[in-house]
Structure formats: structure tokens, C-alpha cells
Amino acid sequence: MKIEDLIGKAKTSEVVQQFLNLFNTPYKISRFPDSYFYIFSEPSIEIKFTTSHYLECLFFHNTGNLFTDKYPIEFPFGLSLLDTRQAVEEKIGPPERESINNKHFDFWTSHPELGVSFTYTTSDKNNFQTTIKHICFFEPETELSRLWFLNKTKIHNYLQITSKTYSPHLISDLLQVEPSRFAEAGGGDFSEDEYTSEEHFWELCLSENQFLHLKAQLKNTLQFLLEKESILKPLQACCKLKLKIMYYSLHANSSKGNFSLEFLETVSRLGIEVDLDIQT
């Protein structure tokens, strides 16, 4: 099992469920406005999920042994928790970002283009024999994702379908598209999710680029709804359709959201509830 295969996957996906099932120990949940963490004490790892329940990043704490020896997990780039800073930089090169010398805080480095950062057991930036305190793996930054620093907004659009009669596999067959995540009715404990386990759940992420402005994203969403209208319309009788828009914006940012008349008429005609979740 490779770390890079877990990042960005839904919590209910097969690969994430296999990963979670490796650890037969209780975990704690720590919640924040835009995310929540599964915290395992054994092994010493933290798993961060977005509030939309997709795995965002993984923190592995160094407890003096090789995590990859005990569990069938492969770190990228041949990295190991037992590497020194010198060994890390021999494997992946010098970091793009690093902290400044400060005797009160541990020194850290980051390779955003590779999706990995390190905190070391030293405050001295010139210490290359220091050991790793913890490693964090996340989605590598691209030219598009760096737009976050420019527009200060991030938007996710999801089409959600819940039903007591239509299974996720049947909905996928009808729409001819695989969901981003799904759950069978009564299929387990989904206490962090917004749906109940008494209903089938199907979700498709419609945001091809989460850093585009809202107008462009709604245009793509409208195109999908119009293409699938002949299938979605009959589903109104036995399914609940919802368009969930997660809008993240920094405090310093001023944003304006416009919904075209065609978009509003379409969601109304298809009986789609629109849930706009704005977080700053």
C-alpha cells in the first residue's frame, strides 16, 4: 500500500478503509471548522480528513522504529522515519521552504512540489545529523494549486444522492459515472458524515479545479446537470438530490457569488436542493 494512493481519496473508499483496518486500536477524533483528525496512539499517526470526508494528509511520528516494517505501507522516494536530515536531502534534494533559526521551536522543512514536509528534533537549521520528529504527506502542489495564494478561495461542488431504494451501484449505472465516494445503507459507522446509515449515499465531486472562481465552477456543474437531465429527473420520485457547495475563503478576501437564471431554473426543475456552506 502506497502513501500517494491514499491522499485525496474518500474515507469510504476501499483503499482508505483497508488502511484504517490495519490498526486495531482505538483512536481519538479532533475537530476543526474545515477538517477533523483521526489520532492513533499506536501506531503514532494522525490522519486528517476534510469536512467533506476526503483524506487530506497523513502525519507519521517517529517512535524509534520503522513503521513500514510493521505495516504493509510504502513511503514515497524511499523515505524512512529513521532517516537523518542529511539522508532526506540526499534522497529528495534541498527543501523549497524551511523555518528560520529559533531556539524555542523545532526546525522544519517542506517540499510542497513533492507533497512532503518534515519536523526535526532540533532548533538548529545547520544540524544535518538531526533525526526526524514527524513526517507529513499531503497532495503535491501544482501551478494550479498555488493559485490559492492569489485568489484566496477554494471551492468544492458535490452532487449528492441519497435513497432508500436505489443502491450506489445502480445510480452509477444509470448516470454512467463512478462516484467520488459512496456508502451502502446500514454499511457501517459514518458518524462524521451528514447522511444516515439507513439510506444509500452517492456523491460525485464536480469541481475539476477547486481553485477556479465560483462562476466557472457553476458553469461546469450546469453542463453536467443538463447532460444528465433525462436520468436525474425521474430520480426525484425516490431519491433526494442535493448540490453541496463548499466555499472556503480567507478572512482578507472579498468574494462575490452569482447564480445564473439558467442554473437556478435547472436545479429547480430537477428538484435539486442547493446547500451553500461558506467557511472563512
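The values are calculated or read from the model by the stated rules, or taken from the named source; none is laboratory data. Everything numeric here is computed off the predicted structure, so don't read it as measured data. No Cβ is skipped: glycine too gets one built from the backbone with ideal geometry, and neighbour counts run over all protein chains shown. Please note that ligands, DNA and RNA were not included when accessible areas were found on the heavy atoms of the full protein model with its side chains. Shrake-Rupley method; radii C 1.70, N 1.55, O 1.52, S 1.80 Å.
Somewhere in the range 255-277, is a residue in contact with a strand residue (DSSP E or B) (Cβ under 7 Å, 6 or more places away or on another chain), open to solvent by less than 40 Å² (accessible area, probe 1.4 Å), modelled with pLDDT of 90 or more and under 12 Å from residue 160 (Cβ atoms)? Taking every residue of the range 255-277 in turn, at least one turns out to be in contact with a strand residue (DSSP E or B) (Cβ under 7 Å, 6 or more places away or on another chain), open to solvent by less than 40 Å² (accessible area, probe 1.4 Å), modelled with pLDDT of 90 or more and under 12 Å from residue 160 (Cβ atoms). Test residue 96 against the stated conditions and say whether it is out of contact with any strand residue (DSSP E or B) (no Cβ under 9 Å at 6 or more places or on another chain) and open to solvent by 20 Å² or more (accessible area, probe 1.4 Å). The answer is no for residue 96. Inside the range 225-250, residues that are touching a residue at least 60 places away in the same chain (Cβ under 8 Å) and part of a loop (DSSP other than H, G, I, E, B) make up a count of 3.
Among the residues of the range 22-47, just one is in contact with a strand residue (DSSP E or B) (Cβ under 7 Å, 6 or more places away or on another chain), closer than 22 Å to residue 245 by Cβ and without any contact (Cβ under 8 Å) to a residue 40 or more places away in the chain, namely 35. Applying the set (1) in contact (Cβ under 8 Å) with a residue 12 or more places away in the chain; (2) assigned to a loop (DSSP other than H, G, I, E, B) to residue 94 leaves exactly one unmet item: (1). Of all the residues in the range 54-72, those that are assigned to a loop (DSSP other than H, G, I, E, B) and modelled with pLDDT under 90 number 6.
If only one of 113, 199, 139, 194 is open to solvent by 50 Å² or more (accessible area, probe 1.4 Å) and modelled with pLDDT under 80, which one is it? Answer to the selection: 194. If the condition is being touching a Ser or Thr at 6+ places or on another chain (Cβ under 7 Å) and free of Cβ contacts under 8 Å to residues at least 60 places away in the same chain, then the range 52-67 contributes 63, 66.
Going by the conditions given, is residue 47 open to solvent by less than 10 Å² (accessible area, probe 1.4 Å), in a strand (DSSP E or B), closer than 26 Å to residue 110 by Cβ and among the aliphatic types (A, V, I, L, M)? Yes, satisfied. Regarding residue 81, is this residue in a loop (DSSP other than H, G, I, E, B) and open to solvent by less than 50 Å² (accessible area, probe 1.4 Å)? When the stated conditions are applied, residue 81 passes them.
Results for (1) over 18 Å from residue 180 (Cα atoms); (2) loosely packed, with under 13 Cβ neighbours inside 10 Å, shown as yes or no for each residue.
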{"position": "8", "(1), (2)": "no, no"}
{"position": "17", "(1), (2)": "no, no"}
{"position": "25", "(1), (2)": "yes, yes"}
{"position": "29", "(1), (2)": "yes, yes"}
{"position": "59", "(1), (2)": "yes, no"}
{"position": "76", "(1), (2)": "yes, no"}
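Considering only residues that are modelled with pLDDT under 90 and part of a strand (DSSP E or B), which ones fall in the range 11-44? Result: 31, 32, 35.
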